[in-house]
Structures are given as structure tokens and as C-alpha cells.
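Worksheet for the structure shown next.
Here, each number is a calculation from the coordinates, and none is a lab measurement. A quick note: this is a predicted structure, and the numbers were derived from the prediction, not measured. Neighbour counts are summed over all protein chains in view; Cβ atoms, including those assigned to glycine, are modelled from backbone coordinates with ideal geometry.
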């Protein structure tokens, strides 16, 4: 059954705005922060989670379940049931860039992605910063344009800029020399910035589906490309493969049109 993309896109946009509003409202007060375990007893200070992460995801799950009770939900902060090929799956990251968020550093996002039969069909990302120098929501549905708060986004490339920005985990001289390296701390932000033309490429080490499903939809809406690293090297990503999307996790590249092959070659 073909999903109703108009209804899905409208809900995704509303949920992204809800996530953004809750994040904005919480910034003026102290937040409860904990750290996710890396083993049976150990915790890593590299993976924080705030009370807002949990509260936002709980609210989003409730709204999705109310409007689309037959859809699946895949989120970062709560247990997830198995998914199956053919399912409509809402992949949500309530606060992407939590370390930035809890420190008040304005590069974080609330990411809503919708996947049908493994393919991203809708995305809505509330971003604390944007091409418009303000917070807002980048959003799209499959076959439609990239929008920012309802207005079309037309990525423009200044030919005078000889070296574009690239999102790399190791933002140093070891990054590919073709791009000026940047590290934002948010995969969702970097996907949105590639889609909007602020970055040309971005590399993600081992993202989960909820990290990049919404952002991938945005990149594809502007004709951008995505690649994953398999045993045979970098290959184009058309859909998330696998019987259960909970287990999907691979190195990934997103790129503006025409830039992906060069980055794949540079990454080896």
C-alpha cells in the first residue's frame, strides 16, 4: 500500500517544530544529564542524554501512534520493536547533537525521517542554525522540493569559492584536502547543510538509521548522493538494506550532486 506522503509530510513538519520548541524552551534552565553505558557497568562521557531527549521522543512517539497506529517507530532513546521490509518506519532522533545542546552550543537538531520499504520518503529537521541565520525546519517528501519553513530552498554555488566545506569527524590536516574540514557534532545538521548548499560533502563513521534517515531525504530532494561502505568499498545507497532496520549501521557519505565520487575516491 502506497503511504499518504502529504499526511506524513505534514505530521513530520509538525513534529519537528514540536521538538524544536521543546529544545528552545529548555535552554534557559539547568538540565538533567546522564551518560549512556558502553559496557555492563561503564559509562562513556562521550554519549550524553538529557531529560529533553527522552521527553521529546516520548511526545513524538505518542503523536505518531495516534495518527498512524500501523506505522513502526525507530528512535534513539527507547526500546524499538523489530521492523520488516515493506514497513513504514518513522526514524526519529529527538536531539541530534546532544553534547552541543547541553552546552548551549547552537548546532543541534531534531530529526524526523520516514522510510518506506527501506527508502527515505520524507524528512523534517528542526535545526538551531540554518542558511537563513535562524532556527527553522528543513523538510521535504519524496518527489518534492526541499523547503525551509514552507519556502523553497535553492542551493547556490559561488564559483569564486574554490574550496568548499566538508563535514569530517577528524577535522584536521588528515581530512581530504579538496575540502575545508568542519566538525559540527550533529549528523542531522550536516545532512541539512549539504542539502541546502552550505557544505558540499559529509562523512559519518557508523550512523544508525535514526541519525540520518531524515537528513538523507533532504539530500536526495536536492539531487544529492549517498554512499555506504560495504565489503567491496563505497557503493551508492538507494535504500537501507536488511530485514530489521534496528541493526543497520555502516560508514556513510552524503554529497552535493557530482561531489560524491571524488570523496569516495579520496576516502579510499
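Computed FRET efficiency, Cβ-Cβ of residue 236 and residue 31, R0 30 Å: what is it to the nearest 0.05? Spell out each step's value before the answer.
Working: r = 40 Å, r/R0 = 1.33.
Approximately 0.15, to the nearest 0.05.
Rounded to two decimals, what is the ratio between the C-alpha radius of gyration of the range 62-171 and 2.2 N^0.38 Å? Don't skip to the answer; put the middle values down first.
Details: Rg = 16.5 Å, N = 110, 2.2 N^0.38 = 13.1 Å.
That ratio works out to 1.25.
Once both labels are modelled 7 Å past Cα along the beta-carbon direction, what's the residue 21-residue 161 spacing in nm?
A separation of 3.3 nm, rounded to one decimal place.
Return the single residue from 94, 79, 159 with maximal mean-square fluctuation; model: Gaussian network over the chain, springs between Cα atoms under 10 Å.
The residue with the greatest mean-square fluctuation here is 159.
At 7 Å along Cα-to-Cβ for each site, give me the label-to-label distance between residue 206 and residue 262 in nm.
Taking the simple label geometry, residue 206 and residue 262 are separated by 3.1 nm.
State the antiparallel share, in %, of DSSP beta bridges confined to the range 86-240, rounding to the nearest 5. Write out the running numbers ahead of the final one.
Working: 29 of 34 bridges.
About 85 percent, rounded to the nearest 5.
Taking the number of other C-beta atoms within 10 Å as the exposure measure, put 179, 90, 126, 234 in order starting with the fewest. Walk me through the intermediate numbers first.
Values: 179 22, 90 27, 126 31, 234 19.
The most exposed by this proxy come first: 234, 179, 90, 126.
Between residue 154 and residue 180, what FRET efficiency comes out of the Förster formula 1/(1 + (r/R0)^6) with R0 = 35 Å and r the beta carbon distance, rounded to 0.05? Walk me through the numbers before you get to the answer.
Details: r = 23 Å, r/R0 = 0.65.
Approximately 0.95, to the nearest 0.05.
Do you know the relative contact order of the range 165-267, to the nearest whole percent, from alpha carbon pairs under 8 angstrom that are 6+ apart? Let's see the in-between values first.
Details: 180 pairs, mean separation 29.9, N = 103.
Averaging sequence separation for qualifying contacts and normalising by length gives 29 percent for the range 165-267.
Please report the Cα spread of the range 165-267 along all three principal axes, rounded to whole Å, starting with the longest.
38, 28, 25
Specify whether the C-alpha gyration tensor of the chain places it in the rounded, prolate or oblate class, a ≥ b ≥ c being the square roots of the eigenvalues: rounded for a/c under 1.5, otherwise prolate if a/b is larger than b/c and oblate if not. Numbers along the way, then the final one.
Details: a/c = 1.28, a/b = 1.18, b/c = 1.09.
Taking the square roots of the gyration eigenvalues as a ≥ b ≥ c, the chain is rounded.
Would you mind telling me which residue in 166, 104, 123 has the biggest mean-square fluctuation in a Gaussian network model of the chain, where springs connect alpha carbons within a distance under 10 angstrom?
Of 166, 104, 123, the most mobile in the Gaussian network model is 104.
For the chain, modelled as a Gaussian network with Cα springs under 10 Å, which listed residue fluctuates most, 213, 135, 187?
135
Based on other C-beta atoms within 10 Å, arrange 35, 208 from fewest to most. Present the calculation step by step, with values, prior to reporting the outcome.
Numbers: 35 13, 208 20.
The fewest-first ordering by Cβ neighbours comes to 35, 208.
Grab the Cα-Cα distance for residue 10 and residue 172, subtract it from 0.36 nm times how many residues apart they are, and report the gain in nm with one decimal.
Values: separation 162, 0.36 × 162 = 58.32 nm, distance 3.99 nm.
Answer, rounded to one decimal: 54.3 nm.
Using only DSSP helix segments of four residues or longer, with each worth -39500 (n - 2.57), what per-residue ellipticity at 222 nm results for the chain after dividing by its residue count and rounding to 500?
-9000 deg cm²/dmol
When you count, for each residue, the other Cβ atoms within 10 Å and take the mean per peptide, how do 257-265, 188-196, 112-120 rank with the highest first? Let's see the in-between values first.
Numbers: 257-265: 16.3, 188-196: 30.1, 112-120: 24.2.
By packing density, highest mean first, the sequence is 188-196, 112-120, 257-265.
On a C-alpha basis, how far is the centre of the range 194-268 from the centre of the range 52-96 in Å? Whole number, if you could?
Computed from Cα coordinates, the inter-centre distance equals 22 Å.
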